[in-house]
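Student: Structure incoming, see below.
Taken together, the values in this text are just the output of simple stated rules run on the coordinates, not laboratory data. As the structure is a prediction and not an experimental result, all values here were calculated from the model. Cβ atoms come from the backbone with ideal geometry, glycine included; neighbour counts cover every protein chain shown.
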Amino acid sequence: MPEVENRRLAVLIDADNAQASIVEGLLAEIAKYGTAHVKRIYGDWTLPNLGSWKPTLLRYSIQPMQQFRYTTGKNATDGAMMIDAMDLLYTRNFDGFCIVSSDSDFTRLASRIRESGLAVFGFGEKKTPEPFVAACDKFIFVELLREDEADAPPSARKSAKELKQDPKLVHLLRNAVAAASDDSGWAALSAVGNNVAKVAPEFDPRTWGYAKLSGLVKAVGLFEVEERLLGGGPHKVLYVHDKKGAAQ
């Protein structure tokens, strides 16, 4: 897999399951994972309910793909997205796909793309069914794209007490540190993050009001955090150690 700055991504948006108001945050988030070489959005553009999208498409150079609804109750948009995704996959011109939808119909598509060795980044609302979330390498809830740690009100950021009372979070972090640690019990924070992503694609520190994993790990108060110089050079790397393990 190429470095992030060289990663070529195809962005496919389900207009029936996404809102135009997320686009700015969506594209900014996608830029963290690569460059969007294709940006397509699917829907029946003859219908008035998609009218809010049209100014956004021009502004961000997103290509609208027309798909008529042939039968009431049937989602032709999903089928069109899947066909295009497979066509793009077979070109071998991309390193990953961004699927923007809260629809579980894309679960198999995400799995198929990953089977080909490409990364899948999913974007959807918190109501997105778990199978689709789990099928992605990384899943970002679009509600978080409207928030930023610097601008978030203090009430949005969970306190150490609140974080410790979240058993799923505590279990996830402790297991990740244990899996990434060396014989001394210390683990590079980057390795911890990679382990967390593999276990929980939907994990995002912004859920608890923190912009980065480092801020969340420090805030929870269960880990020692230490900065070390990388290879004796000027770059610093964060390492973490479970206080519970140190006490034993």
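Student: At 7 Å along the Cα-to-beta-carbon direction for both Thr46 and Asp182, put a label point, then send me their distance in nm to one decimal.
Tutor: Placing both labels 7 Å beyond Cα along the Cβ direction yields 6.5 nm.
Student: In addition: Per 0.36 nm of contour for each residue apart, how much would the distance between Asn194 and Ala31 grow if the chain were fully extended, relative to their Cα-Cα spacing?
Tutor: Taking Asn194 through Ala31 to full extension adds about 56.8 nm, to one decimal.
Student: Based on the Kirkwood radius over alpha-carbon pairs, what is the Stokes-Einstein translational diffusion coefficient of segment 4-146 at 25 °C with 0.890 mPa s viscosity, in µm²/s?
Tutor: 163 µm²/s
Student: Still on this structure, I have one more. Can you give me the Kirkwood hydrodynamic radius for segment 154-247, using every pair of distinct Cα atoms, in Å to one decimal?
Tutor: For segment 154-247, the Kirkwood estimate is 13.6 Å.
Student: Quick query: amide H of Phe223 versus all other amide H atoms, modeled in the peptide plane; which residues come in under 5 Å with a sequence gap of 5 or more or a different chain?
Tutor: Lys243
Student: Can I ask one more? Once you have the Cα-Cα distance between Lys218 and Ala160, take 0.36 nm times their residue separation minus that, and quote the gain in nm to one decimal.
Tutor: 20.0 nm
Student: Relative contact order for the chain: what percent, with Cα pairs under 8 Å and sequence separation of 6 or more?
Tutor: 15 percent
Student: With the convex hull built on the Cα atoms of the chain, state its orientation-averaged projected area in nm².
Tutor: Quarter of the Cα hull surface area: 15.9 nm².
Student: For segment 197-211, take each phi angle, set θ = phi - 60°, evaluate the Karplus expression 6.51 cos²θ - 1.76 cosθ + 1.60, and give the result in whole Hz per residue in order, putting x for glycine and proline.
Tutor: 4, 5, 7, 9, x, 8, 4, 8, x, 5, 4, 9, x, 10, 6
Student: Work out from phi, with θ = phi - 60° and the Karplus expression 6.51 cos²θ - 1.76 cosθ + 1.60, the ³J(HN,Hα) of each residue of segment 116-122, listed in order in whole Hz, and give x for Gly and Pro.
Tutor: 8, x, 9, 7, 10, 10, x
Student: Still on this structure, please answer the following. Under a Cβ-only charge scheme (Lys and Arg +1, Asp and Glu -1), can you give me the dipole magnitude of segment 4-146 about the Cα centre, in debye to the nearest 20?
Tutor: 200 debye
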